[in-house]
1. Report the label-to-label distance for residue 12 and residue 60 in nanometres (one decimal), using points 7 Å from each Cα along the Cα→Cβ vector.
2. Using only the heavy atoms of the protein chains and a 1.4 Å probe, how would 3, 135, 56 rank by accessible area, largest first?
3. In whole Hz and in residue order, list the ³J(HN,Hα) couplings for region 116-129 that follow from phi through the Karplus curve 6.51 cos²θ - 1.76 cosθ + 1.60, θ = phi - 60°; x for Gly and Pro.
4. Using modelled backbone amide H atoms (1.01 Å from N, in-plane), which distant-in-sequence or interchain residues come within less than 5 Å of residue 145's amide H?
5. Hey, quick one: spin label on residue 36, modelled 7 Å out along Cα-Cβ, who in region 111-132 has an amide N within reach, i.e. under 16 Å?
6. Search the structure for amide H atoms under 5 Å from the amide H of residue 63, placed 1.01 Å from N in the peptide plane, and list their residues when 5 or more places away or on another chain.
7. Across bins of 5 angstrom width beginning at 0, how are the C-alpha pair distances of the chain distributed, in whole percent?
8. Strictly over 19 Å apart at the Cα level, which of 121/145; 60/92; 60/145; 92/121 would you flag in this model?
Amino acid sequence: MAKFARKDKGGTPTISTASLPDIVFMILMFFMVSTSMRQTDRLVNVTLPQASEVTKLERKDLSSYIYIGTPTSQYQARFGNDARIQLNDSFKTIEDIRDFVAAEREALSESDRQLMTISLKIDEDTRMGIVTDVKQELRRCSALKIMYAARKKVVTAY
């Protein structure tokens, strides 16, 4: 009579890793789609003033940003403490605004050019003289759709 030997597999069964690359790919795609990259590095300090009424931009891809404020601490030795204008990733003068607006318009399609918005992000301690000069230059190059960035006023109830 034959004896049947019982094989004892004493360990835990292995986990199938066949679907692991699919899961990793789906998580990677989720983070790539949901994350937005910063367009420009801010070279100036901007503390936005509070606003009582805030309107959200409908299409951020049609807006171009002009930052006005004091340079950050790493640029103060070179550019001083006076308010400066930042267009894209460099400090510019008021005369460069015309070229900036023209380049931003050329980057848009023909149908979107009239919808282009210039968003001014101005530090709350900036003198109005430089802001007025920027607005006058924008008016000269027919960039008449201007928005001012501001923080929403926080109301606390007691």
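1. Going by the 7 Å Cα→Cβ label model, 4.3 nm.
2. Largest to smallest exposure gives the sequence 3, 56, 135.
3. 5, 10, 9, 9, 9, 10, 10, 5, 5, 9, 6, 5, 6, x
4. 118
5. Answer for this model: 117-121.
6. Here the answer is 117, since their amide H atoms fall under 5 Å of that of residue 63.
7. Values per bin, smallest distances first: 1, 7, 12, 15, 14, 11, 8, 6, 4, 4, 3, 3, 2, 2, 2, 2, 2, 2, 1, 1, 0, 0.
8. Working: 121/145 14 Å; 60/92 23 Å; 60/145 14 Å; 92/121 15 Å.
Listed pairs above 19 Å: 60/92.
The values are calculated or read from the model by the stated rules, or taken from the named source; none is laboratory data. Model, not experiment: these values are computed from the prediction. Note that we place each Cβ from the backbone using ideal geometry, even for glycine, and neighbour counts take in every protein chain shown. SASA here: full protein model, heavy atoms, side chains in, ligands and nucleic acids out. Shrake-Rupley method; radii C 1.70, N 1.55, O 1.52, S 1.80 Å.
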